1. Taking the condition of being over 23 Å from the mean Cα position of the chain (by Cα), more than 17 Å from VAL738 (Cα to Cα) and polar (S, T, N, Q), how many residues in region 612-636 meet it?
2. In this structure, is VAL406 under 23 Å from ALA144 (Cβ atoms) and of a type in the set (A, V, I, L, M)?
3. If I ask for residues that are at positive phi, more than 13 Å from the chain's Cα centre (by Cα) and surrounded by fewer than 23 Cβ atoms within 10 Å (Cβ to Cβ), which ones from region 461-492 would you list?
4. Looking only at region 574-611, how many residues end up being under 30 Å from ALA526 (Cα atoms) and either among the small types (Gly, Ala, Ser) or more than 27 Å from the chain's Cα centre (by Cα) (or both)?
5. Of the residues GLY600, GLY534, which is out of contact with any Gly (no Cβ under 9 Å at 6 or more places or on another chain), of a type in the set (Gly, Ala, Ser), at pLDDT 95 or above and surrounded by 20 or more Cβ atoms within 10 Å (Cβ to Cβ)?
6. With region 205-294 as the region, which helices (runs of 4 or more DSSP H) entirely inside it contain at least 2 residues that are of a type outside the set (A, V, I, L, M, F, W, C), more than 16 Å from the ligand (Cβ to nearest atom) and crowded, with 24+ Cβ neighbours inside 10 Å?
Amino acid sequence: MKAFLIEESVKKLEVVGKPVNRVDALDKVTGAAKYTADLYFPGMLYGKTLRSRYPHALIRGIKIGEAEKLPGVAVVLTAKDIPGEKRFGVVIKDQEVLVSSKARYLGDGLALVAAVTEEIAEEALKLIKIEYKPLPVVSSPLEALKEESPKIHEHGNLIKSYRVRKGDVNKGFSESDVVIERVYTTQFVDHAYMEPESAVAVPSHKGVVVYGSMQHPYSTRRVVASTLGLPLSKVRVIQTNLGGGFGGKDETASIICARAALLAVKANRPVKMVNTRSESMLESYKRHPYIMRYRVGVSEKGEIKAMEINLLADGGAYASTSPFVLWRSTVQATGPYEVPNVEISSKVVYTNNPYCGAMRGFGSPQVNFAVESIMDELAEEIGMDPIELRLKNAFKNGSETATGQVLNGHVVSIRQILRKARETSNWEGKRKLYKVQKGRLRRGIGIACCYRGVSLGAEGKDFAAAYVNVTEDGGVIVACGIAENGQGAKTVLSQIAAEALGVPVDYITFLGSDTSIVRDSGPTVASRGTIMGGGAVKEAAVKVRMKMAEVAAVILKTQPEKIIFKGGMVYDKENPEKHISFKELARRCYKKTINLSSIGWFRAPEIYWDEETGMGTAYFTWVYSANVAEVEVNLETGKVKVLRVYAFHDPGKVVNPKTAKSQVYGGVAMGIGYALLEDYKLEECIPKTLNLRSYRLIRAYEMPEVIPVFIENPDPVAPFGAKSLGEPATEVVAPAIVNAIYQATGVRIRSLPVTRDKILKGLKER
Ligand code: MOS
């Protein structure tokens, strides 16, 4: 099987690599696609959540009597009505579907109401009486670490810490000609997906069916089942069309599904819950703000001798995926460079801010901003071109990472990418041109690059499942545990199935995610959809094809190894005039009672990580990227206009140039927001903005020209060589912009987002 799959990955591709239209495009643009909020069931009720009035408070009592009496109210529930586990959490079970004795942030839920209309449910919330005892808040991670600060959880305010030690940093610094130390900070960021969280729960078969907007139906199933005290098999989770996730609809986002399910089972009626935008912005988890101290030493020739890195992240009220996010930040903190001496210490802590978790990049946008900024600051110090300095230190095949992983088994393409970036963007010409400028508007060009571990690494068990069924008329039904999050998974996985079966892509019908059809495949996160889901789909399809090849060999009077599947036809390789159509072959297989369905199971290669020493194989393979940004800054107003972003990515193999480009366009839009606009501000743990008017996202007319450039080095482990793109697309946009702003203005901004005020202040101090 293995040998068979490897041979597959090098053949000439017919469907993979082609700009196939998205299979869900027409439904989405015509409005035919149904989202969770569009679902209606007979007798359906509407659920609402009562949330805490204080970011930190003891709950002394909850009185629901008045609410229950309101006509139209079916049920009112509090924590004591939860039949199963009260707590949940991906790594640490520190979160409650409804809090029982203590609220730890403003988004915490205290009670649920289901009523015949949304208005009545909201009215009922107002009738619930809560007796609070407000507690002092912990509003920053620095405060959280102080001995005298309140303890947010019984186990203290530290969620997780890591250390990486390699070589001897003191020796490295003493060998350096230049040593600089800088602090960089980043902000809270909301995912701002188009569709707020939503769920519809329908009681069924002594269990429940949950329809919802989630990235990870299997973890939703886990949380719903444990909350209700049901076996997994009695909870069926069906993913509805999803209006964006970006990491924000991962495991801990299943809270809305668990609440809807609780209400539905208690009321014995379907219950719909849809968060408003402000509920979403209040309750949903955010991208972690980081405080990052970097000390880096280089020789005058630009060889990095040592990096000492200290990371402190605000995890907010609950742990969620914080330990995994921080782990990725830690192992990737040095950037794609050979550093002989490394010391990294990292911590993520509890505060009474909104809890933080997965968001596109998953711990990389923060450290990439820091390391790629300090690389530019170092280049300036030693008078070297920023790309030259990066090329001097960038990984090669066989290089060793900060955690001692030797990069082999795939093409380490970061140098190839940097050279391509230099050439394509006319880097040298523009750097020179922008050095001499006069007047109010100043332009600059900047670069940033990265390497990214593919899939989960030590974050979890890495596998995916798929199901392929060829019907008797030659149609192909495909299902996979990987979810369509709007990223194009259905299309890309359909192409992989079509390629493996040698049929046109319109033969494929791709089913949505349903936990009762396909085995748990892990979360659709970590840019793992194509490599893991594709691996599983391909294996299932190849198994079916091998069965069909045996029947074809009998019909065409040859051996199964000589049978070729291509363009919906099945040939004898040596006598192509001997052929049969795929559809006819499927019919013959059916007559012969051959089972043309298979399960594919793809497992990532083993990795090894030692938490004590911080050493190990962090990820089984890696991808490499660089962005070049050109900006124009108005020296009078401080306004930054991004003119152009070149995005260079090596995803292994581009399965679909259209969906790949759209990943890049969206990633750049998010990256610009991170760099210049988005800031979820809080004061004493109370958010200053709960709408998308004051929480500024980039608008369509503000988008610059985006030029995606793909460099392909197929990975032998991956299906047809295809690895990852989703998160790389966004994770080096901000530092490229910040570096370009520096060239334009001489102002170095070390805290995101870059506002006009920060630029004007910098210009004054220059
Ligand atoms: Mo993600 S941020 O791994 O969905």
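The values are calculated or read from the model by the stated rules, or taken from the named source; none is laboratory data. The shown structure was predicted, so the numbers you read here are calculated from the model rather than taken from an experiment. No Cβ is skipped: glycine too gets one built from the backbone with ideal geometry, and neighbour counts run over all protein chains shown.
1. 1
2. Judged against the criteria, VAL406 is not a match.
3. If the condition is that a residue be at positive phi, more than 13 Å from the chain's Cα centre (by Cα) and surrounded by fewer than 23 Cβ atoms within 10 Å (Cβ to Cβ), then GLY474 is the only one that fits.
4. Summing the residues that are under 30 Å from ALA526 (Cα atoms) and either among the small types (Gly, Ala, Ser) or more than 27 Å from the chain's Cα centre (by Cα) (or both) in region 574-611 gives 4.
5. Testing whether each residue is out of contact with any Gly (no Cβ under 9 Å at 6 or more places or on another chain), of a type in the set (Gly, Ala, Ser), at pLDDT 95 or above and surrounded by 20 or more Cβ atoms within 10 Å (Cβ to Cβ) leaves just GLY534.
6. 217-228
Here is a yes/no grid of residues against (1) within 16 Å of the ligand (Cβ to nearest atom); (2) touching a Gly at 6+ places or on another chain (Cβ under 9 Å):
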residue: LYS681; (1), (2): no, no
residue: GLU684; (1), (2): no, no
residue: ASN713; (1), (2): no, yes
residue: LYS723; (1), (2): yes, yes
residue: VAL732; (1), (2): yes, yes
residue: GLY746; (1), (2): no, yes
residue: SER751; (1), (2): no, no
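The rows are residues; the columns are (1) closer than 30 Å to LYS48 by Cα; (2) over 35 Å from the mean Cα position of the chain (by Cα); (3) surrounded by 20 or more Cβ atoms within 10 Å (Cβ to Cβ).
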residue: GLU118; (1), (2), (3): yes, no, no
residue: GLU122; (1), (2), (3): yes, no, no
residue: TYR132; (1), (2), (3): yes, yes, no
residue: PRO136; (1), (2), (3): yes, no, no
residue: LEU142; (1), (2), (3): no, no, no
residue: GLY167; (1), (2), (3): no, no, no
residue: ASN170; (1), (2), (3): no, yes, no
residue: GLU175; (1), (2), (3): no, yes, no
